[in-house]
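Below is one structure. I have some questions about it.
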Amino acid sequence: MDFDYATIGKHIQQYRFELDKTQEEIAEKANISKNYLSKIETGKSAGRLDKYYSIAKALGVTIDMLIRLARRQNKFAAECTAACV
């Protein structure tokens with residue numbers, strides 16, 4: 001099963017913005033470094049599943065919410081691209 005880590009990272013960032021929290025605040029709650037969170041948000045690091053779980057918990061969402069939202073968005077983008085070709 002493939003995941004679009006960049007899209008998941010964007011959703012993590014979106015949830016963080018909605019909570020009006022800094023990377024430092026979420027990283028501290030998730031027990032990871034701010035630099036690591038930044039790499040995950042920008043898709044520069046795939047991260048580990050346990051870290052995604054910690055981040056989701058710090059954001060007050062489930063890891064499933066992050067993954068499903070990313071999958072749904074990628075499926076929509078693929079359908080739009082196919083329709084335009």
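For Tyr36, state whether it is in contact with a Leu (Cβ under 7 Å, 6 or more places away or on another chain) and hydroxyl-bearing (Ser, Thr, Tyr). Even if it seems obvious, please write down each step before you answer.
Working: in contact with a Leu (Cβ under 7 Å, 6 or more places away or on another chain): no; hydroxyl-bearing (Ser, Thr, Tyr): yes.
No, not satisfied.
May I ask you to say which residue of Glu79, Glu28 is modelled with pLDDT of 95 or more and either of a type in the set (Gly, Ala, Ser) or assigned to a helix (DSSP H, G or I) (or both)? Show your work before the answer.
On the way: Glu79 fails: modelled with pLDDT of 95 or more.
Only one candidate passes the filter, namely Glu28.
Of Leu49, Leu37, Leu59, which residue is at pLDDT below 95 and under 13 Å from the mean Cα position of the chain (by Cα)?
Going through Leu49, Leu37, Leu59 in turn, the sole match is Leu49.
To continue, here is another question. Those residues that are among the aliphatic types (A, V, I, L, M) and not in a helix (DSSP H, G or I), I need them from region 45-68; list them, please.
Within region 45-68, Ala46, Val61 meet the criteria.
Also, I was wondering about something else. Among the candidates Lys44, Lys10, Lys39, Lys29, which residue alone is charged (D, E, K, R) and within 18 Å of Asp64 (Cβ to Cβ)? It would help to see each step written out before you state the result.
Details: Lys44 fails: within 18 Å of Asp64 (Cβ to Cβ); Lys39 fails: within 18 Å of Asp64 (Cβ to Cβ); Lys29 fails: within 18 Å of Asp64 (Cβ to Cβ).
After applying the criteria, what remains is Lys10.
The values are calculated or read from the model by the stated rules, or taken from the named source; none is laboratory data. Just so it is clear, the model here is predicted, and its values are computed rather than measured. Note that each Cβ is placed from the backbone with ideal geometry, even for glycine, and that neighbours are counted across all protein chains shown.
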